[in-house]
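Reviewing the structure listed below.
The numbers here are math on the coordinates, done by the rules we state, and not lab data. Keep in mind that this is a model prediction, so the values were computed, not measured. For neighbour counting, all protein chains shown are included, and Cβ atoms are generated from backbone atoms with ideal geometry for every residue, glycine included.
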Amino acid sequence: MIIIGEKLNSTLKAVRPAIAAYDAAAIQALAKAQAEAGAAYIDVNAGMFHEDEAERLCWLVQTVQEVTDLPLSLDSPNAKAMEAALQVAKGTVMLNSITDEKDRFEAVLPLAVQYKAKIVALCMDDTGMPETAEERFAIAERLIAKLTAAGIPEDDIYIDPLVRPVSTGPHYGVAAIETIRRVKSAYPDVHIACGLSNISYGIPCRKLVNQAFLVAAMAAGMDGAILDPLDKKMMSLIAAAEALLGIDEYCMDYLEKYRDGLIEA
């Protein structure tokens, strides 16, 4: 499972003050903790700072890179902020995200091509947020076709199936899972980058719902997720699910994590 650590996001009440105060120690502590917990990417987001997002996103990139070599995911709807951050980022970078909305696609695609970035492609277009798996898969197909035509390898594409809260539509869980299943069946080299916690918005015991959705999505073929790697229970479920799904041969990774005290029953 490709874990994209979500903790350095300006929408989080515990993180926004640290970004506002340029508190490098707090940001670096969270970055190191996520790296040690098993994140493959560190997501950085300064989107709540509308007036100076580009400056703060660059600061986040440079601050995190001082303490970890993990690649970063630049999380912003603002192509100009992404471009500024790309200029100071080192090594492999992920852009989070592009959609099939004309203006956003045309703004982000050149950056992905120029910087040879990996890219999260969200199943949305100019008609809005799709309701069904059929609509989402059609958008995913268009995005994959356009991105590969521009020279982006399938292995660098991460489809986000657009996870919406089941509290607002009882079909949204099934729609996301079926979209994952269809994308992985048709494009086995394309990855999934699922924003996991959206599924539980508005209902109690959110962690429980997130965990159930995680396992169901992994069974459908999900191989990447944007989540909190410091959630030991969630990371334990990922290890267990990988063993059950034949991803972890002879359960070697599971056993190693158990020996290291990283598995929580």
Nearby aspartates and glutamates by direct alpha-carbon distance to Lys232 (threshold 13 angstrom, same-chain neighbours under 8 apart not counted): Glu36, Asp260, Glu264
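For the peptides 14-22, 105-113, what is the packing order when you average, over each peptide's residues, the other Cβ atoms within 10 Å and list the highest mean first? Don't skip to the end; give the middle numbers.
Values: 14-22: 15.2, 105-113: 17.7.
Highest to lowest by the protection proxy: 105-113, 14-22.
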Extension reserve of the Thr11-Met129 stretch, reckoned as 0.36 nm per residue once the Cα distance is removed: 40.4 nm
Table column - 3J(HN,Hα) (Hz), region 243-254, Karplus curve with 6.51, -1.76, 1.60, x for Gly and Pro: 5, 5, 8, x, 7, 9, 4, 6, 6, 5, 5, 4
C-alpha center-to-center spacing [region 118-184, region 61-76] in angstrom: 26
Choice from Leu237, Leu122, Leu227 with maximal GNM fluctuation in the chain (Cα, 10 Å cutoff): Leu237
Residues whose placed amide H lies under 5 Å from that of Cys123, excluding near-sequence neighbours: Asp160, Leu162
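Based on Cβ point charges of +1 for Lys and Arg and -1 for Asp and Glu, what charge dipole magnitude is obtained for region 140-219 about its Cα centre, in debye rounded to the nearest 20? Display every interim value, and only then the final one.
Working: 8 positive and 7 negative charges, 75 e Å.
That gives a dipole near 360 debye.
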Most fluctuating residue given options His191, His50, His171, as computed from a GNM of the chain linking Cα atoms under 10 Å: His50
Nearest-20 debye value, the chain charge dipole, Cβ charges on Lys, Arg, Asp, Glu: 460
Contour minus Cα-Cα distance for Lys116 and Arg142 (0.36 nm per residue): 7.4 nm
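Counting only other residues whose beta carbon sits under 13 Å from that of Thr127, what net charge do I get with K and R as +1, D and E as -1?
-3
What number, rounded to the nearest 500 deg cm²/dmol, is the helix-based mean residue ellipticity at 222 nm of the chain, given -39500 (n - 2.57) per DSSP H run of at least four residues and division by all its residues?
-14000 deg cm²/dmol
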Positive-pole candidate from Leu111, Ala186, Leu208, dipole of the chain, charges at beta carbon: Leu208
Where labels lie 7 Å past Cα in the beta-carbon direction, separation of Val174 and Val215 in nm: 2.1
Gaussian network model of the chain, Cα within-10 Å springs - most flexible of Pro170, Pro71, Pro130: Pro170
